[in-house]
Amino acid sequence: FPVTIGSVQGISGGTPLPVCPRNSAVTVTAGTTSGTANTSAQALASNASRQYLLIQNISDTDMYFNFGAAATTSNMLITKSGGGIVFESGFVPTDAVNVICSAASKSYYILSA
């Protein structure tokens, strides 16, 4: 249930802000792309209650991610060597996450809650 903050410090006449605590643990997924180069694979199942999502490419090869459908090289690019993206604060994809890469079995991390 939301908790209300009385005011925002430093703002005269601050408006109360609703705060919704996260009720779930963070799940770490250490995965690899398909064992076949240029083949889309599901990296994370759909989850209608997902509130946070971080995707990080820890490989030496660029990866492409898509939500709710097979990944292609026209989708969201996450660059090699630590590139990543975070979704939070009401803008979190809840669809399945799919990944494709030009090389087989490249590593990524996904944190979700």
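Can you compute the modelled spin-label distance between T79 and A96, with each label point 7 Å from Cα toward Cβ, in nm?
In this crude label model, T79 to A96 measures out at 3.1 nm.
Could you compute the net charge surrounding M76? Neighbours are other residues with a C-beta less than 14 Å from the C-beta of M76; K and R count +1, D and E count -1.
-2
Length gain on complete extension for the stretch T39 to A25, per 0.36 nm per residue less the alpha carbon to alpha carbon distance?
My answer for the length gained is 2.0 nm.
Hey, if we sort L53, L77, L44 by accessible area with the 1.4 Å probe, largest down, what's the order?
L77, L44, L53
Given the protein chains as shown and a 1.4 Å probe, how many square angstrom of Y64 are accessible, to the nearest 10?
Approximately 50 Å² of Y64 is accessible to the 1.4 Å probe.
How big is the accessible area of I110 in square angstrom, nearest 10, if you roll a 1.4 angstrom probe over the protein chains?
0 Å²
The values are calculated or read from the model by the stated rules, or taken from the named source; none is laboratory data. Note that the structure is a prediction, hence the values are computed from the model and not measured. Don't worry about glycine lacking a Cβ; one is built from the backbone with ideal geometry, like all the others, and counts go over all protein chains shown. Accessible surface areas use protein heavy atoms only, side chains included; no ligands, DNA or RNA. Shrake-Rupley method; radii C 1.70, N 1.55, O 1.52, S 1.80 Å.
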